[in-house]
Amino acid sequence: MGDVPLRGTVRGVSKAFTRESDDVPEPAVRRLGVAVPEPNYMTPAGAEAARRELAADRDVAGLGASVTIEDASGRRTRYRLVGALEADARRGLVFWQSPLAEALWEARVGDTITLPRGGEAEVVAIDYE
């Protein structure tokens, strides 16, 4: 029969006997030696911590603020600026990067905001629960 090169076969066989975790690539982003998962979403616990930290100026609308607005017809609507995982438009929980939240962001009581779908509204209350 003679000598038959076994390189391709050996490589293929040896690969079959390795652990799956041997081929897991290193995470691309590391902070302080700890891998950061991708994508990096804000969890409800992280949103709560951010609310406490970012709510230093309670007179300005920011993450975690409940903002009540009044339109020209006198109708009042209350929105809360929240993270992506908490957002629920039917309950007035608005993702902080949405067009409506951007209109409310950094507003103060008495400010007039332009609503994303047209029209204006006055900010009548801001509170952090």
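The values are calculated or read from the model by the stated rules, or taken from the named source; none is laboratory data. These figures come from a predicted structure and were not determined experimentally. Please note: Cβ atoms are built from the backbone with ideal geometry, for glycine as well, and neighbour counts cover all protein chains shown.
Applying the condition of being surrounded by fewer than 16 Cβ atoms within 10 Å (Cβ to Cβ) and at pLDDT below 90 to the stretch 58-75 and asking which residue is nearest to Glu48 (Cα to Cα) yields Arg58.
If you go through the stretch 83-115 and keep only what is surrounded by 12 or more Cβ atoms within 10 Å (Cβ to Cβ) and closer than 16 Å to Ala72 by Cβ, you end up with Ala103, Asp111, Ile113, Leu115. Return only the number of the condition from (1) small (Gly, Ala, Ser); (2) closer than 18 Å to Glu129 by Cβ; (3) within 19 Å of the chain's Cα centre (by Cα) that Ser98 does not satisfy. Failing condition for Ser98: (2).
Only residues that are aliphatic (A, V, I, L, M) and out of contact with any strand residue (DSSP E or B) (no Cβ under 9 Å at 6 or more places or on another chain): list them for the stretch 79-129, please.
Of all residues in the stretch 79-129, those aliphatic (A, V, I, L, M) come to 81-82, 84-85, 87, 89, 93-94, 100-101, 103-104, 107, 109, 113, 115, 121, 123-126.
Leu85, the sole residue that qualifies.
Residue check: is Arg51 of a type in the set (Lys, Arg), part of a helix (DSSP H, G or I) and modelled with pLDDT under 80? Criteria met by Arg51.
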